[in-house]
1. The conditions are (1) closer than 24 Å to Asp213 by Cα; (2) touching a Lys or Arg at 6+ places or on another chain (Cβ under 9 Å); (3) surrounded by 11 or more Cβ atoms within 10 Å (Cβ to Cβ), and Gly71 fails exactly one of them. Which is it?
2. Tell me which helices (runs of 4 or more DSSP H) are completely within the stretch 140-234 and hold 3 or more residues being modelled with pLDDT of 95 or more, or say none if there are none.
3. For Thr37, indicate whether it is in contact with a Pro (Cβ under 9 Å, 6 or more places away or on another chain) and not in a helix (DSSP H, G or I).
4. Taking the condition of being within 23 Å of Tyr92 (Cβ to Cβ) and either open to solvent by less than 70 Å² (accessible area, probe 1.4 Å) or among the small types (Gly, Ala, Ser) (or both), how many residues in the stretch 35-49 meet it?
5. Give the residues of the stretch 197-211 that are more than 15 Å from Leu176 (Cα to Cα) and among the small types (Gly, Ala, Ser), sorted by residue number.
6. Are any residues in the stretch 69-85 among the basic types (Lys, Arg) and under 10 Å from Leu103 (Cα atoms), and if so, which ones?
7. So which of Leu110, Leu95, Leu103 ends up being assigned to a strand (DSSP E or B) and closer than 25 Å to Ser208 by Cα?
8. Any chance you could count how many residues in the stretch 8-34 are open to solvent by less than 30 Å² (accessible area, probe 1.4 Å) and either assigned to a helix (DSSP H, G or I) or touching a strand residue (DSSP E or B) at 6+ places or on another chain (Cβ under 9 Å) (or both)?
Amino acid sequence: MQRLDKLLSEAGVASRKDLKAMIKAGRVTVDGQTARTPETKVDETTARVCVDGQPVGRQRTVLLMLHKPAGYVTSTDDPRDKTVMELIPDRYRYLKPMPVGRLDKETEGLLLFTNDGQLAHRLLSPRSRVWKRYYAEHEGQAGPEDVEAFAAGIVLRDGDRCLPARLLPQGPGKSLVEVCEGKYHQVRRMLASRGMPVTYLRRVAEGSLELGDLPIGQIREVALRELTAETTGL
């Protein structure tokens, strides 16, 4: 048995606060009978629960895109720093979205969140070959030899070998970098290994999903129909 408001919250109907008002307004029924209190106990395996006459199914999958600002760590909790979870609007918190991968504290740009573990795995796995594109500002200027080194697979200073990546020079001190894995500080380390320390980094795309003109610090919900084989690796 489960509390009615908890069941509805986990199904993605609304926040617990909003559900309380909905139940008191008589908008929720259990097996055809109007529920009056959020504490009503229901059997989640057999009860037919409806909101405004529509049956409630399982928790909906949500995929969110954040334009992460610098200064936030990609963590669910941190005793010292602000975390990206603080930027999730209240209307999504009850769905329990979690970061898909991470961006380091000073890196800005596209960061995804989802409550679907299988989807998160597909987005993160190097086997899925989901390309992530970064705009980097750095010292020096990338040349043809650097492009070839990235394409061959950069060997980092600690001996760690990266999968083949794409380096697209954009003029003095600017480049686009595309990788399909997520090693620790990978883009920064790759460019540094070629004598081009990064001064600014922003992720601008993941698969077919692009950051676009989403304002920094803001979130938008990504419709699942926007996902393509390029994004999920399927």
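The values are calculated or read from the model by the stated rules, or taken from the named source; none is laboratory data. Being a predicted model, the structure only gives us computed values, none of them experimental. All Cβ positions, glycine included, derive from the backbone under ideal geometry; neighbour counts span all protein chains shown. With ligands, DNA and RNA removed, areas are computed over all heavy atoms of the protein, side chains included. Shrake-Rupley method; radii C 1.70, N 1.55, O 1.52, S 1.80 Å.
1. Exception for Gly71: condition (3).
2. 144-152, 186-193
3. Against the criterion (in contact with a Pro (Cβ under 9 Å, 6 or more places away or on another chain) and not in a helix (DSSP H, G or I)), Thr37 does not qualify.
4. Residues meeting the conditions: 2.
5. In the first step, residues of the stretch 197-211 are kept if they are more than 15 Å from Leu176 (Cα to Cα); the result is 208-209.
Ser208 - this is the single residue of the stretch 197-211 that is more than 15 Å from Leu176 (Cα to Cα) and among the small types (Gly, Ala, Ser).
6. If the condition is that a residue be among the basic types (Lys, Arg) and under 10 Å from Leu103 (Cα atoms), then no residue fits.
7. Working: Leu95 fails: assigned to a strand (DSSP E or B); Leu103 fails: assigned to a strand (DSSP E or B).
Step by step, each of Leu110, Leu95, Leu103 is checked, and only Leu110 is assigned to a strand (DSSP E or B) and closer than 25 Å to Ser208 by Cα.
8. Result for the stretch 8-34: 10.
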